[in-house]
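Single-structure report; data block below.
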Protein chains: 2
Amino acid sequence: MRAGRTTAGRATLHSVAAAAGVSHQTVSNVLNAPDRVRPETRERVLRAVDALSYRPDESARSLVRRSTRLVSFNVGEDRPDRVSMLDDFARALARVGETHGYRLVLDVAGGTDDEQITSFADLTARRAVDGVVIPSTHVGDRRPAWLTEHGVPMVAFGRPWHAPDAQHSWVDVDGGHGLRLVAEHLLATGRRRLAYVGPPRDGGMEDDRLDGLLGGVAAAGVPGATVSTLEVADPSRLESLLPALLEEQRPDALVCRDDTYAFEARQVLSALRDPAAAGVAVTGVDDSRLARLARPGITSVAQPLDQVAALIWTSLVAQIEGRTTEPLRRLIRPALVERASSAPAGT
Amino acid sequence: MRAGRTTAGRATLHSVAAAAGVSHQTVSNVLNAPDRVRPETRERVLRAVDALSYRPDESARSLVRRSTRLVSFNVGEDRPDRVSMLDDFARALARVGETHGYRLVLDVAGGTDDEQITSFADLTARRAVDGVVIPSTHVGDRRPAWLTEHGVPMVAFGRPWHAPDAQHSWVDVDGGHGLRLVAEHLLATGRRRLAYVGPPRDGGMEDDRLDGLLGGVAAAGVPGATVSTLEVADPSRLESLLPALLEEQRPDALVCRDDTYAFEARQVLSALRDPAAAGVAVTGVDDSRLARLARPGITSVAQPLDQVAALIWTSLVAQIEGRTTEPLRRLIRPALVERASSAPAGT
């Protein structure tokens with residue numbers, strides 16, 4: 001158990017281990033699973049605990065007291081006008097969690113870090129859950145550090161943006177790689193004038209996607225291949241913004257930030273009833289229900305949510321059981337799902 | 001910390017209260033509802049808890065708190081090819097639950113009654129939750145009776161089909177009324193040849209919707225108004241089945257069982273590129289993201305999920321706190337949301 005405090009003079013798990021002449025894992029076992037430790041060793045460790053007045057932190061004590069076998073998951077902001085993959089992710093997480101004997105508790109605290117940290121504080125003060133999964137991260141995210149400092153087992157779905165020294169566990173999907181796959185696919189099917197459609201750069205995930213596309217096109221070295229961008233903070237604005245882009249840039253492919261943008265772009269193109277517009281390829285990201293239900297189906301980037309869920313639970317359960325060593329840091333490659341919205345030109 | 005040891009001088013709630021100079025109710029609040037206690041008091045009590053190595057044992061704890069403040073909710077079957085309102089309902093339920101101090105635990109047990117009853121048995125044996133919400137009901141549903149017999153506080157979202165003597169609490173949305181509203185709306189906008197598109201009758205919810213439509217058309221007494229039906233178990237089959245219906249019945253409106261059917265029907269009509277097909281009105285049920293995101297927007301029947309959630313929690317909390325008298329039995333009227341997919345003919 002990684003205690004977050006490092007006050008000078010305060011006994012730590014390691015100083016107890018040194019005093020008792022055992023490994024810190026053994027100390028952790030004495031506190032969390034005393035039946036796994038031989039009585040003589042247990043006594044020696046407990047004497048060192050007493051001698052050094054060692055107090056394990058809150059979460060360690062809650063482990064001693066009881067395990068709830070519950071993990072909190074914030075369902076995030078409700079966007080009635082979007083289809084996100086968050087609901088699918090919650091299901092995947094709940095399903096994999098059950099195989100470990102854990103259940104997911106929905107946390108509906110509001111969208112700011114402060115609101116969610118207040119909720120974490122409440123949950124941990126009441127020892128209501130054994131750990132926390134953060135469903136997405138943003139630039140300057142203060143939640144992982146709070147949880148780590150308070151010794152709460154946690155894994156974030158989302159990398160620590162611009163925080164290479166972060167010590168918490170996380171898994172993320174390599175969105176940049178996904179957009180590189182989109183670039184390769186569109187260039188291979190004959191497209192040359194790509195237009196990226198999405199919200200403005202945010203220094204984090206949005207940059208990752210756009211830069212993946214730009215990098216993919218550059219790396220392909222296809223003569224005449226260009227990328228223009230259409231910044232649209234809200235996909236419902238595509239109806240008014242897309243026609244001008246089509247006229248000015250004459251793109252042959254719209255590379256959309258996610259399936260909601262792609263779905264809306266397809267609908268706008270279709271409503272124009274213009275053969276040129278109808279031939280423009282459209283791609284999305286998330287492989288959501290929207291991408292699957294649309295006709296033609298929308299080419300998209302599938303996030304391997306079951307794999308993400310499996311990694312998260314393996315790390316989380318190890319942390320909860322006090323046998324974790326290194327934080328989990330894992331970037332997973334997504335896969336391209338080709339559908340008719342980007343079929344080779346002329347087919 | 002004396003983990004794993006039992007000593008004669010074991011601390012009690014009262015010794016902690018005495019050491020902290022507070023009432024035993026305050027100690028209980030700190031452990032079970034810390035937000036009710038001022039931070040300074042909370043700190044003082046927690047210091048006493050530490051100093052005395054106080055550990056509330058499970059049974060004492062459950063006596064003190066009488067409540068986990070958790071309610072289980074089965075997320076149901078995952079249908080990757082459909083957009084359901086279940087995710088929206090889970091959010092609404094979690095949001096309203098929080099105002100009562102309760103959180104929702106996701107249950108991913110499989111779709112059969114037996115699988116879910118096994119899960120209920122596990123949850124109640126471990127006293128892991130205070131109650132259960134059943135997210136939908138079906139003909140011959142055995143879950144409400146099991147929960148009632150085992151004294152588990154519960155509310156079903158869904159009426160007891162063909163079980164008028166059922167003694168459990170439930171809330172349902174009057175789907176038949178919703179389809180009557182659709183009938184009135186379509187007749188008022190000049191449609192006369194309505195076609196109902198949905199799965200076969202099931203003796204329960206499916207009948208309720210179709211009969212609502214038939215009853216609404218009959219009650220309107222509009223000369224020449226007819227209703228034909230197209231039984232389609234899977235909406236993706238509409239692409240092959242709908243053209244024949246259009247040719248044979250020449251409907252001027254497709255009344256769809258839900259938004260997924262309506263969305264698919266709209267896409268099939270649009271792909272026909274036939275002005276007659278383009279003029280056919282389409283309606284759905286659920287007022288889902290699909291209905292809102294589609295262009296033209298799809299007229300739908302909105303289920304008042306916040307109202308349903310409020311009724312469910314009021315009944316559930318009363319049952320949990322042991323002050324309930326009569327079971328809740330409540331059918332709520334949904335509202336029609338008019339969108340362009342059923343705009344008056346000729347507009």
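Results, tabulated for the structure shown:
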| read-out | value |
| --- | --- |
| Residue satisfying all of: in the range A:198-213; touching a helix residue (DSSP H, G or I) at 6+ places or on another chain (Cβ under 8 Å) and surrounded by 17 or more Cβ atoms within 10 Å (Cβ to Cβ); modelled with the lowest pLDDT among these | A:Met205 |
| Filter pass, A:Ala278 being aliphatic (A, V, I, L, M), in contact (Cβ under 8 Å) with a residue 40 or more places away in the chain and within 14 Å of another protein chain (Cβ to nearest Cβ) | no |
| Top-ranked residue of the range A:226-251 - restricted to ones that are more than 30 Å from the chain's Cα centre (by Cα) and in a loop (DSSP other than H, G, I, E, B), ranked as surrounded by the fewest Cβ atoms within 10 Å (Cβ to Cβ) | A:Arg250 |
| Filter pass, A:Thr118 being outside any strand (DSSP E or B), modelled with pLDDT under 95 and either at the interface with chain B (Cβ under 10 Å from one of its Cβ atoms) or farther than 24 Å from A:Val173 by Cβ (or both) | yes |
| Near pairs, Cβ below 8 angstrom, 6+ apart or cross-chain, from the range B:91-112 (over 16 Å from A:Leu70 (Cβ atoms) and facing chain A (nearest Cβ under 10 Å)) to any residue that is crowded, with 22+ Cβ neighbours inside 10 Å and of a type in the set (Gly, Ala, Ser) | B:Ala92/B:Ala309; B:Leu93/B:Ala309; B:Arg95/B:Ala309; B:Val96/B:Ala309 |
| Selection within the range A:287-327 - within 30 Å of B:Ala278 (Cβ to Cβ) and touching a helix residue (DSSP H, G or I) at 6+ places or on another chain (Cβ under 7 Å) | A:Ser288, A:Leu290, A:Ala291, A:Leu293, A:Ala294, A:Arg295, A:Pro296, A:Gly297, A:Ile298, A:Thr299, A:Ser300 |
| Residue satisfying all of: in the range A:252-266; assigned to a helix (DSSP H, G or I) and either in contact with a Cys (Cβ under 7 Å, 6 or more places away or on another chain) or of a type in the set (Asp, Glu) (or both); surrounded by the fewest Cβ atoms within 10 Å (Cβ to Cβ) among these | A:Glu264 |
| Residue identified as within 14 Å of chain A (Cβ to nearest Cβ) and either touching a residue at least 12 places away in the same chain (Cβ under 8 Å) or touching a strand residue (DSSP E or B) at 6+ places or on another chain (Cβ under 9 Å) (or both) among B:Arg250, B:Arg289, B:Arg273 | B:Arg289 |
| Residue in the range A:76-92 that is in a loop (DSSP other than H, G, I, E, B) and modelled with pLDDT of 85 or more present | no |
| Scope the range A:30-52; condition at pLDDT below 75 and polar (S, T, N, Q); matching residues | A:Asn32 |
| Any hit, the range B:313-334, residues being under 16 Å from B:Ala183 (Cα atoms) and surrounded by fewer than 17 Cβ atoms within 10 Å (Cβ to Cβ) | yes |
| Hits in the range A:296-319 - residues which are farther than 23 Å from A:Pro153 by Cβ and either aliphatic (A, V, I, L, M) or free of Cβ contacts under 8 Å to residues at least 24 places away in the same chain (or both) | A:Ile298, A:Val301, A:Ala302 |
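For (1) closer than 29 Å to A:Val308 by Cβ; (2) among the β-branched types (Val, Ile, Thr); (3) in contact with a strand residue (DSSP E or B) (Cβ under 9 Å, 6 or more places away or on another chain), each residue gets a yes or a no:
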site	(1), (2), (3)
A:Val152	yes, yes, yes
A:Leu194	yes, no, yes
A:Asp211	yes, no, no
A:Pro223	no, no, no
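Per-residue answers, yes or no, for (1) at pLDDT below 95; (2) surrounded by 16 or more Cβ atoms within 10 Å (Cβ to Cβ):
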{"residue": "B:Thr148", "(1), (2)": "yes, yes"}
{"residue": "B:Trp161", "(1), (2)": "yes, yes"}
{"residue": "B:Pro164", "(1), (2)": "yes, no"}
{"residue": "B:Asp172", "(1), (2)": "no, yes"}
{"residue": "B:His185", "(1), (2)": "no, yes"}
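The values are calculated or read from the model by the stated rules, or taken from the named source; none is laboratory data. In this text the structure is predicted, and so the values were computed from the model without any measurement. All Cβ positions, even for glycine, are placed from backbone atoms using ideal geometry, and neighbour counts span all protein chains on display.
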